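Report on one structure; see the data block that follows.
The values are calculated or read from the model by the stated rules, or taken from the named source; none is laboratory data. Predicted model, so just to flag it, every value in this text is computed and none were measured. Reconstructed Cβ throughout: ideal geometry from the backbone, glycine too, with neighbour counts over all protein chains shown.
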Amino acid sequence: MLTQFRFDLHATDGAARLGIVHTAHGPMDTPAFMPVGTAGTVKAMLPDSVAATGAQTILGNTYHLMLRPGAERIGRLGGLHEFMQWQGPILTDSGGFQVMSLAKLRKMTEEGVAFQSHIDGSKHLLTPERSMQIQHLLDADITMAFDECTPFPATPEQAAQSMRLSMRWAKRSKDAFVERPGYGLFGIVQGGIHHDLRQESAEALQGIGFDGYAVGGLAVGEGQELMFSTLDFTTPLLPTDRPRYLMGVGKPSDIVGAVLRGIDMFDCVMPTRSGRTAQGFTRRGTVNLRNARHQDDPRPLDEHCACPACRQYSRAYLHHLIRSEEILGPMLLTWHNIQFYQDVMKGLRQAIGEGRVQDFARDFLATEALGDIEPI
């Protein structure tokens, strides 16, 4: 029997939720952090290594994959799961954000966005219909509606115009989406930091009807306080029987705070990008392995972590790899960072199930604020 796409809510603790998203390629326990695999790979990681951290779902990027190697080519080769040898669920973004941020030249109209590739200058038109077609060819378990990510800052008038265009594109995305067992389409709530626009957007999306609801247009420079206040208002507007996804977030403290506000799913390039730039996340904050303070330190990066970087190697060795520009350094730190994020999510899930998520959050933030351990 084919799996139906659905969200099962198993427990709540305050606004925090414990659940499972069921997809064609397996389940995703929530709250969940999804590593970003922009171009069909989580950078510096083998798919089996990503899975070993506990990650169940990864992201693919519509914009990058449509330009190289091409969605039709990936489709002919069996879809993104087969192409990159990832057996779990895949979520793909719609491509709208990258068009706005990366394309050399772009022109947005009601139809969509005409742009030139940042790779070779070739001309393309990305519309809601084409975005749905690309994500279908990629075989994404979770497809995102095509939208414009409202920039920050934006005036109320600019935010309203952007949000309403995204809502019209959301309807076209829903109309073009091919319904299949185990596959879902998410709408994206926009409206900047303006509560009335967020409410209008949430109501419009629920009028269209989606399998899940994302909150977009945050973590774009507004700061944590404004992000949290926007979530405090927006998240209760979303259906309780559908997964809620905060796009592009974020730092561990952002994720913990958003879980307390009822968010179920997260993604961010931060753990992988930081791993490639000598930054390691630990329970006592971020550590820069480039610093000389680590060069004689025989201790692991994080004594509580079971990843290979912490289980087998010292801070001194990781420092040596980074300073020597050896590729193993970014590989080990990337693995560690993804493991750290997955461990945080596992801790949150366990705490919600046991009714102690507020205590978990308080202890997590207090430990992070202590700062790194002193070198011996």
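Quick rundown of the values:
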| quantity | calculated |
| --- | --- |
| Enumeration of residues in the stretch 176-209 that are surrounded by fewer than 19 Cβ atoms within 10 Å (Cβ to Cβ) and either in a loop (DSSP other than H, G, I, E, B) or without any contact (Cβ under 8 Å) to a residue 12 or more places away in the chain (or both) | Val178, Glu179, Arg180, Pro181, Gly182, Asp196, Gly207, Gly209 |
| Residue selected from the stretch 7-26 under the condition closer than 14 Å to Met265 by Cβ and among the hydrophobic types (A, V, I, L, M, F, W, C), by the criterion farthest from the chain's Cα centre (by Cα) | Leu9 |
| Members of the stretch 317-333 that are touching a Lys or Arg at 6+ places or on another chain (Cβ under 9 Å) and without any contact (Cβ under 8 Å) to a residue 40 or more places away in the chain | His319, Arg323 |
| Complete set of residues in the stretch 38-63 that are touching a Gly at 6+ places or on another chain (Cβ under 6 Å) and either closer than 13 Å to Leu333 by Cα or without any contact (Cβ under 8 Å) to a residue 60 or more places away in the chain (or both) | Gln56, Ile58 |
| Tally, over the stretch 351-367, of residues that are within 10 Å of Ala16 (Cα to Cα) and either acidic (Asp, Glu) or over 25 Å from the mean Cα position of the chain (by Cα) (or both) | 1 |
| Some residue of the stretch 40-50 being among the polar types (S, T, N, Q), within 20 Å of Met144 (Cβ to Cβ) and within 16 Å of the chain's Cα centre (by Cα) | yes |
| Residues (touching a Pro at 6+ places or on another chain (Cβ under 9 Å) and free of Cβ contacts under 8 Å to residues at least 60 places away in the same chain) located in the stretch 123-150 | Phe146 |
| Flag if Ala214 is of a type in the set (Gly, Ala, Ser), under 22 Å from His22 (Cβ atoms) and assigned by TED's automatic domain parsing to the domain that holds Pro128 | yes |
| Condition broken by Gly275, with the remaining ones in (1) within 15 Å of the chain's Cα centre (by Cα); (2) within 21 Å of Gly37 (Cβ to Cβ); (3) buried (at least 16 other Cβ atoms within 10 Å of the Cβ) satisfied | (1) |
| Count of residues meeting criterion [under 14 Å from Thr53 (Cβ atoms) and surrounded by fewer than 20 Cβ atoms within 10 Å (Cβ to Cβ)] in the stretch 309-342 | 1 |
| Ala366 free of Cβ contacts under 8 Å to residues at least 12 places away in the same chain, over 15 Å from Arg276 (Cβ atoms) and among the hydrophobic types (A, V, I, L, M, F, W, C) | yes |
| Output for the stretch 279-308, where each listed residue is in contact with a Pro (Cβ under 8 Å, 6 or more places away or on another chain) and surrounded by 16 or more Cβ atoms within 10 Å (Cβ to Cβ) | Phe281, His294, Asp297 |
| Flag if Pro298 is in a loop (DSSP other than H, G, I, E, B) and either over 24 Å from Thr41 (Cβ atoms) or not assigned by TED's automatic domain parsing to the domain that holds Ile188 (or both) | yes |
| Residue list for the stretch 24-60, filter: among the aliphatic types (A, V, I, L, M) and crowded, with 18+ Cβ neighbours inside 10 Å | Ala24, Met28, Ala32, Met34, Val36, Val42, Ala44, Met45, Val50, Ala55, Ile58, Leu59 |
| Residue count, the stretch 301-319 (criterion: among the aromatic types (Phe, Trp, Tyr) and in a loop (DSSP other than H, G, I, E, B)) | 1 |
| Residue list for the stretch 102-127, filter: of a type in the set (Gly, Ala, Ser) and either under 18 Å from Arg168 (Cβ atoms) or in contact with a Cys (Cβ under 7 Å, 6 or more places away or on another chain) (or both) | Gly112, Ala114 |
